[in-house]
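The block underneath contains the structure these notes are about, expressed in structure tokens.
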Amino acid sequence: MHRRKAVCLAGVSLFTACAGPSRSGPGLDGTWQPVSAILGGNELPIPSFKGAMLVLKDGAYQFGNDSGTFSLLPATEPAAMDIEGRQGPNAGRRIFAIYSLEADALTICYQLGKGERPKEFGSPGGSQLFLVRYRLSR
């Protein structure tokens, strides 16, 4: 009986730990090169990023002159990310996003407007959803 309770409590603790925000995630830390980007249904040319790479490390991000922190909510479906801009054009902003990581490919859909967190990976015309696909830089 006591062993059964201990196993149940361990399961609840593990679930609680997994469901809470995380400062980093397996496979996310690294330097990511944008390979495609769409904002409000319009493709953005990658050269417009002027060579900027997304660097994620220990809950912090940097992209060009924009930097801040992020928290992961991997237990949500799709996995979610809360971004806090600290310096640069997003300083003081909180950006809600969803993400998908598959091997060396990272897809993030950012809500740049005042709307809700994206529910799916897309950027319909007229929206402030910013869909970016990145590849891990080697």
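Before we move on, is Ile83 under 18 Å from Gly30 (Cα atoms), free of Cβ contacts under 8 Å to residues at least 60 places away in the same chain, surrounded by 12 or more Cβ atoms within 10 Å (Cβ to Cβ) and not polar (S, T, N, Q)?
Against the criterion (under 18 Å from Gly30 (Cα atoms), free of Cβ contacts under 8 Å to residues at least 60 places away in the same chain, surrounded by 12 or more Cβ atoms within 10 Å (Cβ to Cβ) and not polar (S, T, N, Q)), Ile83 qualifies.
Please state which one of Phe130, Phe96, Phe121 is assigned to a strand (DSSP E or B) and in contact (Cβ under 8 Å) with a residue 24 or more places away in the chain.
None of the other options fit; the residue is Phe130.
Run down Asp66, Asp58 and say which single residue is in contact with a Ser or Thr (Cβ under 8 Å, 6 or more places away or on another chain) and either touching a residue at least 24 places away in the same chain (Cβ under 8 Å) or over 23 Å from Ser127 (Cα atoms) (or both).
Asp58
Quick one: Thr69 ticks every box in (1) farther than 19 Å from Thr31 by Cα; (2) among the polar types (S, T, N, Q); (3) surrounded by 12 or more Cβ atoms within 10 Å (Cβ to Cβ) except a single one, so which number is it?
With (1) farther than 19 Å from Thr31 by Cα; (2) among the polar types (S, T, N, Q); (3) surrounded by 12 or more Cβ atoms within 10 Å (Cβ to Cβ) applied to Thr69, the lone miss is (1).
Which residues, counting only those in region 37-63, are of a type in the set (Gly, Ala, Ser), surrounded by fewer than 14 Cβ atoms within 10 Å (Cβ to Cβ) and modelled with pLDDT of 95 or more?
Gly41
Within region 45-67, which residues are out of contact with any Asp or Glu (no Cβ under 8 Å at 6 or more places or on another chain) and in a loop (DSSP other than H, G, I, E, B)?
Once the filter is applied, which keeps residues that are out of contact with any Asp or Glu (no Cβ under 8 Å at 6 or more places or on another chain) and in a loop (DSSP other than H, G, I, E, B), region 45-67 yields Pro45, Lys50, Gly51, Ala52, Met53, Gly59, Gly64, Asn65.
Checking Gly20 against (1) small (Gly, Ala, Ser); (2) modelled with pLDDT under 95; (3) closer than 19 Å to Arg135 by Cβ: exactly one of these is not met. Which one?
Of (1) small (Gly, Ala, Ser); (2) modelled with pLDDT under 95; (3) closer than 19 Å to Arg135 by Cβ, only one is false for Gly20: (3).
The values are calculated or read from the model by the stated rules, or taken from the named source; none is laboratory data. Here the structure is a predicted model, which is why all the values come from computation and not from measurement. Note that each Cβ is placed from the backbone with ideal geometry, even for glycine, and that neighbours are counted across all protein chains shown.
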